[in-house]
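The values are calculated or read from the model by the stated rules, or taken from the named source; none is laboratory data. If you're wondering where the values come from, they're calculated on a predicted model, not measured in any experiment. Quick reminder, even Gly has a Cβ in these numbers, built from the backbone with ideal geometry, and neighbours come from all protein chains shown. Only protein heavy atoms, including side chains, enter the accessible area calculation; ligands, DNA and RNA are left aside. Shrake-Rupley method; radii C 1.70, N 1.55, O 1.52, S 1.80 Å.
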Amino acid sequence: MARFVLIFVAVLVSLFTLEMLAPVQEHVIVPFTTMLAKVSVAIISPFDSTVASQGKVLFFKDSGFSVSIEAGCNGVEAMIVLVAAVLAYPARWRARAIAIASGFVAVQAMNILRIVSLFYLGEWNLEVFTWVHLYLWPVLIMLDVLIVFIVYLRYLDGSVPVDGQATYA
């Protein structure tokens, strides 16, 4: 358990430090966040033609109401926690890669749902938006990470050799 915690913390600190570097922000995080805004608009557009995006901002063309997808709201930090947990737990690299890839899809699908719901909540009622944004969605996103990690652990439970050695239940 101590090994897991040490590796988890080391990877967590390393990835959060890497994420904060200006070149990573400029060439990875900001373009990724802009892509999230575009995907959100693409999902909404067939149902609501009054929605558009510019950079990381979603807005209603008619009312002008907008939301900006900021750091902490793009799912990157949640993925860092998942990656740190997956890498800290001993398993084959193939299993780790599958967990990280499927976790990315799960976290970002939930995050797109989060962005769209907050966008509409914000136009409807800013007080509800603020509560859901600050309290409900952060818990749900981290719960998504936890569920992905638990499913990963259940997959590994006695079915995948760890570090080249067979495990037995």
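For the chain, the calculated P(r), taken from all Cα-Cα distances in 10 Å bins from zero up to the bin holding the longest distance, is 10, 32, 31, 18, 8, 2, 0 percent. Rounded to the nearest 10 degrees, the inclination of helix 76-88 to the longest alpha-carbon principal axis of the chain is 10 degrees.
Surface composition of the chain: carbon plus sulfur atoms hold 71% of the accessible area, using a 1.4 angstrom probe and ignoring ligands, DNA and RNA. Sequence-ordered 3J(HN,Hα) estimates for region 38-50 from the Karplus curve with 6.51, -1.76 and 1.60 and θ = phi - 60° stand at 5, 5, 4, 5, 4, 6, 6, 3, x, 9, 8, 7, 8 Hz, glycine and proline given as x. Per residue, the accessible area of region 51-94 comes to 46 Å² when a 1.4 Å probe rolls over the protein heavy atoms. Considering the options 109, 65, 9, tell which one lies farthest towards the positive end of the dipole of region 1-111, charges being +1 on Lys and Arg and -1 on Asp and Glu at the Cβ, about the Cα centre. After comparing all options, I get 9.
Taking N as the residue count of region 51-120, its C-alpha radius of gyration divided by 2.2 N^0.38 Å amounts to 1.43. Based on C-alpha pairs under 8 angstrom that are at least 6 apart in sequence, the chain has a relative contact order of 22 percent.
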